[in-house]
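First comes the structure, then the notes that go with it.
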Amino acid sequence: MSQPVLVIAEVRAGKIRQVTLEALQGARLAAGDSAEISAVIIGSGITGLAGELASYTSGKVYAVDHPELVSYNAPAYLHAVKGIVEELQPSRVFLGHTAEGRDLAPGIAALIGAGQISDVISIESGELYKRPIYAGKAFEEKRFLSSSGVVTVRPNNIPPATLAETAGEVVDRSYTAPVDLRSIVRDVVRKAGGKVDLAEAKIVISGGRGVKSADGFKPLDELADVLGAAVGASRGACDAGYCDYALQIGQTGKVVTPEVYIACGISGAIQHLAGMSQSRVIIAINKDAEAPIFKVADYGIVGDLFEVVPLLTEEFRKVLA
Ligand code: FAD
């Protein structure tokens, strides 16, 4: 690739998201070790983060720092990126396959007249991009036919980039809001205040209708605390009002690929599997031995979750103490 490769970083709660380092590594896999990979970081008060990002790539890190960019806003962020991509004309642009990345990627693709390959889980030599299709039942491998392309990378699939031998240079870019900006984000109120980000969690513990009530999530929360895990849910649990829809995993919810997924009182409907079947190890706890979740589980416990989950918490507490 003779033209530059660009990664669009994502910042959440004052930190660079893990998926940004995974996108950097994806860019490295696609472009080769010798390629110069630059990055763009957008936000307010991000000078320190730009320096941190520069330690992961020897290319330039373009920092667009402005108080109006404190929260993600599609037209404002696209405007912040516009001058940089028009100047660099990158051959590839990498983003996380997150709510923000999915929103921004098509705008960038349109800006540079590029194609897009989304939800990539691995990149093979010759720039072959693998992605799940049909809700994770099959995979397809794609490559770009054009000289420019935009790629979104699914969190937790590509290993994160390691520190670069030589840190890159931070380049400050100014930002002036476009005159036709139709909306501004005043505040972001997060509903589900989970301690661990569901999309990037290494361990996810999910509850289904089997938890029976909002209080039924308490044993799951306790196990999650001990393991440093995130808590998710089936749509059954969300529809029943036991938890917020922000926790929903599945076809119409979030897609997660943790190292360990523990499904508690979840039957294993195809729409739920679409959001978690790519997890590395699946553990199912269900009192019905015939529940379909056991077909995809690596380990199954037939039993009452209200007995099994506290026992697990107790044992892990001893082991991890
Ligand atoms: P149930 O199917 O009712 O299963 C509850 C399970 O808990 C049972 O297997 C039972 O044996 C077990 N159980 C009960 N008590 C206990 C106990 N004490 N201990 C242990 N086990 C116990 N679903 C999603 O999850 N995510 C989606 O994104 C999604 N999108 C959908 C999109 C569409 C278009 C449609 C039509 C459906 C979608 N669904 C989705 C819904 C999906 O089809 C199922 O209805 C839903 O996943 C069922 O949730 P559940 O497994 O929690 O509940």
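Every number in this text was worked out from the coordinates using simple rules, so none of it is lab data. Every value quoted in this text rests on a predicted model; they were computed, and no experiment measured them. A quick note on method: Cβ atoms are made from the backbone with ideal geometry, for glycine too, and the neighbour counts reach across all protein chains shown.
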| remark: In whole µm²/s, the translational diffusion coefficient that Stokes-Einstein assigns to segment 155-309, given a Kirkwood hydrodynamic radius over C-alpha pairs, 20 °C and 1.002 mPa s, equals 125
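Please arrange Thr252, Thr20 by how many other C-beta atoms lie within 10 Å of their C-beta, fewest to most.
Thr252, Thr20
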| task | Starting from the eigenvalues of the Cα gyration tensor, five times each then square-rooted, give me the equivalent ellipsoid semi-axes of the chain, largest first, whole Å. | result | 38, 21, 18
| task | Among Thr257, Thr166, Thr152, determine the one that fluctuates most according to a GNM of the chain built with springs between C-alpha atoms less than 10 Å apart. | result | Thr166
| request: Measure nothing but the geometry: give the 0 to 90° angle between the long axis through the Cα atoms of 99-112 and the longest principal axis through the Cα atoms of the chain, rounded to 10°. | output: 30
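Evaluate the relative contact order of segment 186-321 (contact order divided by residue number), counting alpha-carbon pairs under 8 angstrom at least 6 apart; express in whole percent.
Computed over segment 186-321, the figure is 23 percent.
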| message | Could you tell me the extents of segment 69-145's C-alpha atoms along the three principal axes, largest first, rounded to whole Å? | response | 38, 25, 16
| said: Taking every DSSP beta bridge with both residues inside the chain, roughly what % is antiparallel (nearest 5)? | reply: 20
| message | Between Ala138, Ala284, Ala13, where does the largest GNM mean-square fluctuation fall for the chain, given springs only between Cα atoms within less than 10 Å? | response | Ala13
| field | Student exercise, segment 5-172 dipole from Lys, Arg, Asp, Glu Cβ charges, in Debye to nearest 20 | value | 560
| Are there trypsin sites (Lys or Arg not before Pro) in segment 215-321 that DSSP puts in a loop and that have at most 15 other Cβ atoms within 10 Å, and which ones? | Arg280, Lys287
| request: Give me the percent of DSSP beta bridges within segment 116-241 that run antiparallel, rounded to the nearest 5. | output: 55
| Rounded to the nearest 5, what is the percent of antiparallel bridges among the DSSP beta bridges in segment 5-172? | 30
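Viscosity 1.306 mPa s, temperature 10 °C: give me the Stokes-Einstein translational D for segment 240-315 in µm²/s, with Rh taken as the Kirkwood radius over C-alpha pairs.
Once the numbers are plugged in, D ends up at 124 µm²/s.
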| Kirkwood-type radius of segment 151-221, with distances r between different C-alpha atoms, in Å | 18.1
| field | Net length gained if the chain between Lys318 and Ala177 were fully extended (0.36 nm per residue, minus Cα distance) | value | 45.3 nm
| query | With the calculation restricted to Cα positions, what are the radius of gyration and Dmax of segment 5-172 in angstrom? | reply | 14.7, 44
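Roughly speaking, what % of Cα-Cα pairs in segment 28-76 are separated by over 19 Å, rounded to a whole number?
Counting pairs separated by more than 19 Å, the tail of P(r) holds 34 percent.
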